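Down below is the structure, laid out as structure tokens.
The values are calculated or read from the model by the stated rules, or taken from the named source; none is laboratory data. Remember, it's a predicted structure, so these values are computed and weren't measured experimentally. Positions of Cβ are generated from backbone atoms using ideal geometry, with glycine treated the same way; all protein chains shown enter the neighbour counts. SASA here: full protein model, heavy atoms, side chains in, ligands and nucleic acids out. Shrake-Rupley method; radii C 1.70, N 1.55, O 1.52, S 1.80 Å.
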Amino acid sequence: MPATEKDLAEDAPWKKIQQNTFTRWCNEHLKCVNKRIANLQTDLSDGLRLIALLEVLSQKKMFRKYNQRPTFRQMQLENVSVALEFLDRENIKLVSI
């Protein structure tokens, strides 16, 4: 496999290192609200831990109400939208997402 393909592979070592580092960083901040992330892809998908992380980092509450117990995918997507709207209102630009 050429070097560039190997670097872009899902199991590239640098990706796992970055993922582990970011997970530990998130968990360090989420400690104060008794939440934890084990897997970034699944644990942030319902928006609850993402909202908690944003509230801890910004020391502000969400502008809108969100679903505390999102049972349907639509509710989960709405929670993620609330988090992204919060970032937009705080003038935080997201690039390449």
Protection proxy ranking, peptides 70-78, 14-22, average beta carbon neighbours within 10 Å, highest first: 70-78, 14-22
Dipole magnitude of the chain, debye to nearest 20 (Cβ charges: Lys/Arg +1, Asp/Glu -1, about Cα centre): 440 debye
Surface per residue (accessible, 1.4 Å probe) for the chain, Å²: 78 Å²
Relative contact order [Cα under 8 Å, 6+ residues apart], the range 26-66, whole percent: 35 percent
Of all accessible heavy-atom area on the chain, the percent that carbon and sulfur account for (1.4 Å): 53 percent
Charge sum, other residues only, whose C-beta stays under 10 Å from MET75's C-beta, Lys/Arg counted +1 and Asp/Glu -1: 0
Given (1) 13.4, 41; (2) 15.5, 49; (3) 17.2, 57, the label whose value is Rg and Dmax of the Cα atoms in Å derived from this model: (2)
Contact order normalised by residue count of the chain, Cα under 8 Å, 6+ apart, percent: 21 percent
Stretchable slack from MET75 to GLN19, in nm (0.36 nm times residue separation minus alpha-carbon distance): 17.6 nm
